[in-house]
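**Q** One structure follows; several queries about it will come next.
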Amino acid sequence: MSNPYEKYKSNSVAVASPEQLLIMLVDGAVKYTKVARLALIKGDKERAHKELIRVQEIFGELIRTLDPNAGDFTEELLIIYSCIRQKLIQANIKKDVSVIDEVLPLIESVRDTWHEVKRVYDQQNAR
């Protein structure tokens, strides 16, 4: 028998809108970056590696889903997302909490921005 929580998560992703999936990804990026940071502090390099790879993959997916025809905003997101991925790679190679501390506020800012975009979008569409 499968884990009910895993089944719920799987179903949540399957029925989520693109906007909800984006929010889930950026929320996950923050969560897993914090988990990696804590793992490094505790000396669990294997767990830190796993979580940093997970966050790198999230930003890789965000990069892949950018529409190159959407204008300057897309180019700016590409630069930000790519910078974040590079910092995550650097943190993983060096196993350095200070690099995570440098990039985590940027990841949180990306998350907060997308939450605000969704809030404004939902508010406008509720009218």
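The values are calculated or read from the model by the stated rules, or taken from the named source; none is laboratory data. This structure is a prediction, so every number in the text was calculated from the model and none was measured. In this analysis, Cβ positions are derived from the backbone assuming ideal geometry, glycine residues included, and neighbour counts consider all displayed protein chains. Surface areas here come from the heavy atoms of the whole protein model, side chains and all, with no ligands, DNA or RNA. Shrake-Rupley method; radii C 1.70, N 1.55, O 1.52, S 1.80 Å.
**Q** Based on the alpha-carbon gyration tensor of the range 27-98 and its eigenvalue square roots a ≥ b ≥ c, which shape applies: rounded if a/c is under 1.5, prolate if not and a/b is larger than b/c, or oblate?
**A** Prolate.
**Q** Of the heavy-atom accessible surface of the chain (probe 1.4 angstrom), what whole percent is carbon and sulfur?
**A** Values: 4600 of 8350 Å².
Exposed carbon and sulfur together represent 55 percent of the surface.
**Q** In what sequence, largest accessible area first, do ILE107, ILE41 appear using a 1.4 Å probe? List each step's numbers first, then the result.
**A** Details: ILE107 0, ILE41 100 Å².
Largest to smallest exposure gives the sequence ILE41, ILE107.
**Q** What angle do you read, to the nearest 10 degrees and between 0 and 90, between the alpha-carbon axis of helix 45-64 and the longest principal axis of the chain?
**A** 30 degrees
**Q** Mean residue ellipticity at 222 nm from the helices of the chain, using -39,500 (n - 2.57) per DSSP H segment of n ≥ 4 over the full residue count, to the nearest 500 deg cm²/dmol?
**A** Computed ellipticity for the chain at 222 nm equals -29500 deg cm²/dmol.
**Q** Accessible area, 1.4 Å probe, largest first: how do ILE79, ILE84 sort?
**A** ILE79, ILE84
**Q** Here's something else I'd like to know. Per residue of the range 100-109, in order, report the coupling 6.51 cos²θ - 1.76 cosθ + 1.60 (Karplus, θ = phi - 60°) as ³J(HN,Hα) in whole Hz, putting x for Gly and Pro.
**A** Values per residue, Gly and Pro as x: 5, 4, 6, 8, 4, x, 5, 5, 5, 5 Hz.
**Q** Here's something else I'd like to know. Taking the Cα centre of the range 13-127 as the origin, how large is its charge dipole in debye, to the nearest 20, when only Lys and Arg (+1) and Asp and Glu (-1) carry charge on their Cβ atoms?
**A** With Lys and Arg at +1 and Asp and Glu at -1, about 540 debye.
**Q** Can I ask one more? Can you give the three extents of the C-alpha atoms in the chain along their principal axes, from longest to shortest, in whole Å?
**A** Largest first, the chain extends 51, 46, 22 Å along its Cα principal axes.
**Q** I would also like to ask the following. Give the shape of the range 66-127 as rounded, prolate or oblate, defined through the alpha-carbon gyration tensor: a ≥ b ≥ c are the square roots of its eigenvalues, a/c under 1.5 means rounded, and otherwise the shape is prolate if a/b is larger than b/c and oblate if not.
**A** The shape class here is oblate.
**Q** Turning to a different aspect of this structure: At 1.4 Å probe radius, can you tell me the per residue accessible area of the range 45-127 in Å²? It would help to have the intermediate numbers written out before the result.
**A** On the way: 5310 Å² over 83 residues.
Solvent-accessible surface per residue comes out at 64 Å².
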